Amino acid sequence: MSMSESTRNTAAERPLSGFLPGAIVAIAGRMSVVLTGRVLLSVCAVCLFVSCDKAPEPRLPVSRLTLSQPCDVRQGCRAADESVAVTVIFDAEPRALQSFPIRVQFDGHQQADAVTVAFSMQGMDMGSNRYRLIADALGGWSAEIILPICTSGRTDWVADFELVVADRRLQIQVPFVLEK
């Protein structure tokens with residue numbers, strides 16, 4: 001066998017012998033990536049299934065309370081249905097950009113779990129003006145409110161109260177006018 005033939009055989013054999021261990025490492029590496037990807041995908045699928053499997057939070061039934069007329073927010077506006085009665089009071093003249101306190105007081109022994117109020121104008125986007133009222137020692141709820149100025153000069157607002165009482169949500173709409 002000549003030198004050139006032995007070099008050729010060795011050269012021809014070298015790529016195969018060098019290729020096989022490299023190919024095995026590459027294939028093992030790809031399998032590792034594929035397996036890691038499959039494991040990660042399986043974990044994500046399980047998490048998604050578990051989070052979707054939960055029953056939705058039960059929505060409490062909503063009742064609109066009827067507002068007694070006439071309604072003066074400074075004197076107190078009373079709203080009631082057959083099982084609950086509340087009074088909404090603005091403790092100061094409501095003015096734009098000035099803090100004014102509001103209170104919600106339950107008549108009788110009824111208690112609330114939460115009380116919120118959102119302020120809006122009919123046909124005018126005034127941004128988010130939502131407040132959570134804080135319970136006091138007497139069973140009432142209160143908050144300090146600051147409302148923006150309407151650039152068109154309007155002062156007619158609606159206070160949308162939501163009260164969570166026992167196993168239902170009560171809603172009251174109280175229209176009022178800001179003082180200038």
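Tell me, which residue of region 99-110 that is in a loop (DSSP other than H, G, I, E, B) and either surrounded by fewer than 15 Cβ atoms within 10 Å (Cβ to Cβ) or not assigned by TED's automatic domain parsing to the domain that holds Asp160 (or both) is modelled with the highest pLDDT? Among residues in region 99-110 that are in a loop (DSSP other than H, G, I, E, B) and either surrounded by fewer than 15 Cβ atoms within 10 Å (Cβ to Cβ) or not assigned by TED's automatic domain parsing to the domain that holds Asp160 (or both), the one modelled with the highest pLDDT is Ser99.
Here is a yes/no grid of residues against (1) of a type outside the set (A, V, I, L, M, F, W, C); (2) in a strand (DSSP E or B); (3) at pLDDT below 95:
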| site | (1), (2), (3) |
| --- | --- |
| Ser83 | yes, no, yes |
| Val117 | no, yes, no |
| Ser120 | yes, yes, no |
| Ser142 | yes, yes, no |
| Thr151 | yes, no, yes |
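Close Cβ contacts (under 7 Å, 6 or more residues apart or on different chains) running from residues in region 111-139 that are on the phi > 0 side of the Ramachandran plot and exposed (fewer than 12 other Cβ atoms within 10 Å of the Cβ) to residues that are modelled with pLDDT of 95 or more and acidic (Asp, Glu) are absent. In region 158-176, the residue that is farthest from Arg95 (Cα to Cα) out of those that are free of Cβ contacts under 8 Å to residues at least 60 places away in the same chain and in a strand (DSSP E or B) is Glu162.
The values are calculated or read from the model by the stated rules, or taken from the named source; none is laboratory data. This one's a predicted model, so the numbers in the text were calculated from it and none came from an experiment. Glycine gets a Cβ as well: all are built from the backbone with ideal geometry, and neighbour counts include every protein chain shown.
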